[in-house]
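The values are calculated or read from the model by the stated rules, or taken from the named source; none is laboratory data. Just so we're clear, the structure is a prediction, and the values are computed from it rather than from any experiment. Virtual Cβ from ideal backbone geometry, glycine too; neighbours counted across all protein chains shown. Keep in mind that these areas ignore ligands, DNA and RNA; they rest on the heavy atoms of the full protein, side chains included. Shrake-Rupley method; radii C 1.70, N 1.55, O 1.52, S 1.80 Å.
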Amino acid sequence: QVQLVESGGGLVQAGGSLRLSCAASGRTFSSYTMGWFRQAPGKEREFVATISWTGGSTYYANSVKGRFTISRDNAKNTVYLQMNSLKPEDTAVYYCAAKGYGTSTVVTDYIYWGQGTQVTVSS
């Protein structure tokens, strides 16, 4: 069992930056692939970024590539999402999620989910 708690969301102007954190409970955090997803009002939850258990492999949605960076610190049981050059269309609730071996962009592949943190980007 893994419990995930996101933090770091907030209101920021377009062009600004935020860093989201996701703290995980459990000793086996380092064995999980981690992902970030987001859901805007009236839209389906969508993939943002994923990172392998070692941190050696990352993958991003085209919409955030070059602006967002996913990273993890297994010693701190934490995964991060650094978001730069934010745009109004990045406004959404951001969720972190965990799955077993292998990176994936598919929502239903992820087993554990946090409660989400709101990110609002004003124009």
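Points to keep in mind about this one:
- Over the range 79-123, relative contact order from alpha-carbon pairs under 8 Å, at least 6 apart, %: 51
- Amide N proximity, the range 74-104 versus Y59 label position 7 Å along Cα-to-Cβ, cut-off under 18 Å: 96-104
- Note on K76: lysines with a C-alpha under 25 Å away, same-chain residues under 8 apart excluded, are K99.
- Inter-label distance for S52 and Q1, nm, one decimal - labels placed 7 Å from Cα along Cα-to-Cβ: 3.1
- Cut-off 14 Å (backbone N to label point 7 Å along Cα→Cβ of S71), residues of the range 6-30: 18-22
- A probe of 1.4 angstrom, applied to the heavy atoms of all protein chains, finds R38 with accessible area near 20 square angstrom.
- Surrounding net charge for E46, when Lys and Arg each add one and Asp and Glu each subtract one, Cβ distance under 12 Å: 0
- Spatially proximal lysines relative to K87 (Cα-Cα < 16 Å; intrachain offsets below 8 disregarded): K65
- Taking every C-alpha pair closer than 8 Å and separated by at least 6 residues, the mean separation divided by the residue count of the chain gives a relative contact order of 36 percent.
- Ordered by 1.4 Å accessible area with all protein chains kept, D90, D109, D73 run largest first as D109, D73, D90.
- Accessible surface calculations at 1.4 Å, restricted to protein heavy atoms, place the range 78-123 at 44 Å² per residue.
- Taking all protein chains together and rolling a 1.4 Å probe, K76 ends up with roughly 130 Å² accessible.
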